[in-house]
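Inspection log for the structure reproduced underneath, given as structure tokens.
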Amino acid sequence: MKLKTYPEYKDSGAPWLGEVPEHWGIRKIKYLFSERVQKGFPDEPLLAATQTKGVVQKDHYENRTVLAQKDLHLLKLVKLGDFVISLRSFQGGIEYAYHQGMISPAYTVMVPTSPIISNYFRHLAKSRTFIGLLKTCVTGMREGQNIDYTRLRRSSIPLPSEVEQNQIARFLDHKTHLIANFICNKERLIELLQEQKQAIISHAVTRSIDPDVRLKPSGIDWLGDVPEHWEVRRLKFVCKEPLKYGANEVSGYVDEGAPRFVRITDIDEDGNLRDNTICTISNENAEGFLLTEGDILFARSGATVGKTFIYKKDWGAAAFAGYLIRARIDPRVAIAEYIYAFTRSGVYSTWKNSIFVQATIQNISAEKYSSLFVPVPPLTEQACIVEWTSGKNFEIDSSIAHTRRQIDLIREYRTRLIADVVTGKVDVRDIPVEDVPEDEALEEFVESREIEEALDIGEIQDAKQ
């Protein structure tokens, strides 16, 4: 199915919008919304305005937020179906309220009035095109930026008939429902591929790649049996020097002549350095924290605790940050790539989780990492294991990368599709769509990270151009 344009267009008079279908109206926002400024409802639940989930109850929001404990009577009332302009709306659009409650008085609460339909504006308010309008209505500088509602109220938006607004909303709900299912399947495929990859590594680093090898008890519950000719050593006895914490420096600048400052957030899910998070550290502050080929970094706290990274000199000079711990492997005992492979195995995950059971805070110190038991084959066998697992996982890695590209492509398609439909660049009036149950439509609309669909090649190719 290839989407078509409308027969005739006209100039909307709004620079952000361009041309719209000839029969569409153009109305200023101030004539389509009223502002809700009701206060004094301290018994209502507290709400959070989020860019990914809309306006939801704060105690249901997955991220930790500070709950207000006083002056609740000063908070604004929000009702189901209202729209909220938050402090970050210029980045992610205006948020739809999925719950009734109260919210910060710093936010603007918009109440749709006839002839605008909430389900149509719900899509328009989060579209890439509309966010472009919001960016022209920003006041303040840097962290103090917010939307100037007085300026926004004077802006015009497209207004199809109520019948057409309903059709647009139904079409986009149907599409995002299909897209959500597709994304879920693709993400599940990636999970399965990663599990397969981890299983390959786990077997190789605990049972060898020799199917006939004889085993012996390792003496460690989470490790189990290992080949009888292997040793089991604590990590500290595989390293050439004690494990070391990173530099406690704050760096928000980039100096091309200075070493890169590696933080755990700079490392992606595949163990590579991200290109879009580069910052540097001065040569003076980097002294003592510079990385060398084969150094392994361990995350010591937070959501990524236990995550590992192996440094390659091809990435250039680099030092490591304070929430990381460096292990410098002794080449006379072990190959760094083998130890790194062990940290990507299932048995390593089992050990890591056993540490968390014993503590209320997810944190692994250098001392605990030093005590980690590692199965150590002869060096020649370590080299064979590294080569074998790399070959086995190459195809899996390629499949994962291909699937991620598919997800990125369809997410971009979705973004473009919504913008094109709500602004009249394509005509969906005559396209039959199935009604999506309202709760499913709302859930899948806000779960933007799970959006994808079984689209035909024609649509995908159009989205790429």
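The values are calculated or read from the model by the stated rules, or taken from the named source; none is laboratory data. Since this is a predicted model, take the numbers as computed values, not measurements. Methodologically, a virtual Cβ is constructed for each residue, glycine included, from the backbone with ideal geometry; neighbour enumeration extends over all protein chains shown.
Look at the stretch 217-239 and say how many of its residues are outside any loop (DSSP other than H, G, I, E, B), within 24 Å of ASP330 (Cβ to Cβ) and not β-branched (Val, Ile, Thr).
Of the residues in that region, 8 qualify.
Read through the list (1) at pLDDT 95 or above; (2) more than 30 Å from VAL20 (Cβ to Cβ); (3) surrounded by fewer than 22 Cβ atoms within 10 Å (Cβ to Cβ), then give the number of the only condition that ASN353 fails.
Here ASN353 clears every test but (1).
Name, by its number, the condition in (1) crowded, with 17+ Cβ neighbours inside 10 Å; (2) touching a residue at least 60 places away in the same chain (Cβ under 8 Å); (3) farther than 30 Å from TRP388 by Cβ that does not hold for SER118.
All conditions pass for SER118, except number (2).
Can you find even one residue in the stretch 137-147 that is surrounded by 14 or more Cβ atoms within 10 Å (Cβ to Cβ) and charged (D, E, K, R)?
At the first step, the residues of the stretch 137-147 found to be surrounded by 14 or more Cβ atoms within 10 Å (Cβ to Cβ) are 137-138, 145-147.
Still in the running and charged (D, E, K, R): none.
Scanning the stretch 137-147, I find no residue that is surrounded by 14 or more Cβ atoms within 10 Å (Cβ to Cβ) and charged (D, E, K, R), so the answer is no.
Results for (1) assigned by TED's automatic domain parsing to the domain that holds ARG429; (2) modelled with pLDDT of 95 or more; (3) buried (at least 16 other Cβ atoms within 10 Å of the Cβ), shown as yes or no for each residue.
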position	(1), (2), (3)
ALA169	yes, yes, yes
LEU172	yes, yes, yes
ILE179	yes, no, yes
PHE182	yes, no, yes
ARG188	yes, yes, no
LYS197	yes, no, yes
GLY219	no, no, no
GLY224	no, no, no
HIS229	no, yes, no
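Determine which single condition GLY219 fails, assuming it passes every other condition in (1) touching a residue at least 24 places away in the same chain (Cβ under 8 Å); (2) at positive phi; (3) of a type in the set (Gly, Ala, Ser).
(1)
Mind counting the residues in the stretch 408-458 that are surrounded by fewer than 17 Cβ atoms within 10 Å (Cβ to Cβ) and at pLDDT below 50?
The number of residues fulfilling the criteria is 6.
Suppose we filter the stretch 364-388 for residues that are without any contact (Cβ under 8 Å) to a residue 60 or more places away in the chain and among the hydrophobic types (A, V, I, L, M, F, W, C); how many remain?
Of the residues in the stretch 364-388, 3 are without any contact (Cβ under 8 Å) to a residue 60 or more places away in the chain and among the hydrophobic types (A, V, I, L, M, F, W, C).
For the stretch 161-183, state whether one or more residues are more than 26 Å from the chain's Cα centre (by Cα) and not in a helix (DSSP H, G or I).
Yes: one or more hits.
Only one of (1) surrounded by fewer than 17 Cβ atoms within 10 Å (Cβ to Cβ); (2) under 30 Å from PHE309 (Cβ atoms) fails for SER161. Which number is that?
The failed condition is (2).
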